[in-house]
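Peer 1: My questions all concern the structure below.
Laboratory data are not the source of any read-out in this text; all were calculated from the coordinates shown. Please read all numbers here as calculations on a predicted model, not as lab measurements. Methodologically, a virtual Cβ is constructed for each residue, glycine included, from the backbone with ideal geometry; neighbour enumeration extends over all protein chains shown.
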Amino acid sequence: MSHLKIETDERGCRTLWLDRPAKRNALDEALLSDLLNAAIAARTTPDLRLVVLRSTSSMFCAGADLNDWADVTPFNAQRLSLLGAKAFRELADLPVPVVVVVEGAALGGGFELALAGDIRIATTQARFGFPEARLGNTPAWGGVPRLAKLAGAGTMFDVLLTGDPIDGERAERLGIVQRLCTPEELDARLNALIDSLLACDTTTQGFIKAMFGNPDALIAAQEAALAGFTATREEASARKQAFLASRRKS
């Protein structure tokens, strides 16, 4: 049974719902795999305009499922680390905007998941933190460099070395959260954000993401743009038509 529900509306807005409330949406191997597969599927979905990631409950995500990590072998620890990092990287590198909705806490791996989005909208009840140092391990899914990029090295060290969570208001001041609202305002504010994103050109949004994201994604976007330009030139079309005609004659 999958704990990730996927809905896509007629506008091309796809919502990924974390749906493991009994475990506070803890990220076990199955849920990480579902997130990876959902990101891969989103990349190849025609007419997809944006992705929203949120929870079906009042808790966004408590982080990695400690049942997978309490007595883990070095091999499995590395395998799970690579799986989570790949899943979050696939989400971050999607060519469409990724909006993360945070209600309640986003801790550990849940914080890393939230940081993989482009825009975070959170309620005043949200909390963010990395309690890993208190558990004797370090984050493994790409959240540390993303946090440093957003809020600076000082905030990164503060959060990592103390394990103390930060509330939604401080997260907004630090640039971690882009839209902050009360729980009662959330649906209206989220819908307004979605409307603004859908009012923009999808291709342009993809290039903007590539410009400031993964360098490999920028190279891929540049190659795709150049290939699209060269392939539609009259000279290119004529040469292809001539090649096909010569093949038919032979």
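Peer 1: What angle, in degrees between 0 and 90 and rounded to the nearest 10, separates the Cα long axis of helix 29-43 from the longest principal axis of the Cα atoms of the chain?
Peer 2: The two axes meet at around 30 degrees.
Peer 1: Using the number of other C-beta atoms within 10 angstrom as an exposure proxy, rank I6, I166 with the fewest first.
Peer 2: I6, I166
Peer 1: Between R11 and D187, what length in nm is gained on full extension when 0.36 nm per residue of separation is reduced by their alpha carbon distance?
Peer 2: Difference between extended and current length: 61.7 nm.
Peer 1: Based on the Cβ-Cβ distance of K240 and N37, what FRET efficiency does E = 1/(1 + (r/R0)^6) give at R0 = 30 Å, to the nearest 0.05?
Peer 2: Efficiency computed from Cβ-Cβ geometry: 0.25.
Peer 1: Please order I121, I40 by the number of other Cβ within 10 Å, starting at the fewest.
Peer 2: Going from sparsest to densest Cβ surroundings: I40, I121.
Peer 1: Excluding same-chain pairs closer than 8 in sequence, count the lysine pairs in the chain whose Cα atoms lie under 21 Å apart.
Peer 2: 6
Peer 1: Would you order C200, C13 from fewest to most other beta-carbon atoms within 10 Å of each residue's own beta-carbon?
Peer 2: If I rank by nearby Cβ atoms, fewest first, I get C200, C13.
Peer 1: Right, here's the next one. Once the piece of chain linking S2 and D195 is laid out straight, how much longer is it, given 0.36 nm per residue of separation minus the C-alpha distance between them?
Peer 2: Value of the extension gain: 66.6 nm.
Peer 1: Also, quick follow-up: Please report the antiparallel percentage of the DSSP beta bridges confined to the stretch 1-126, to the nearest 5.
Peer 2: 25 percent
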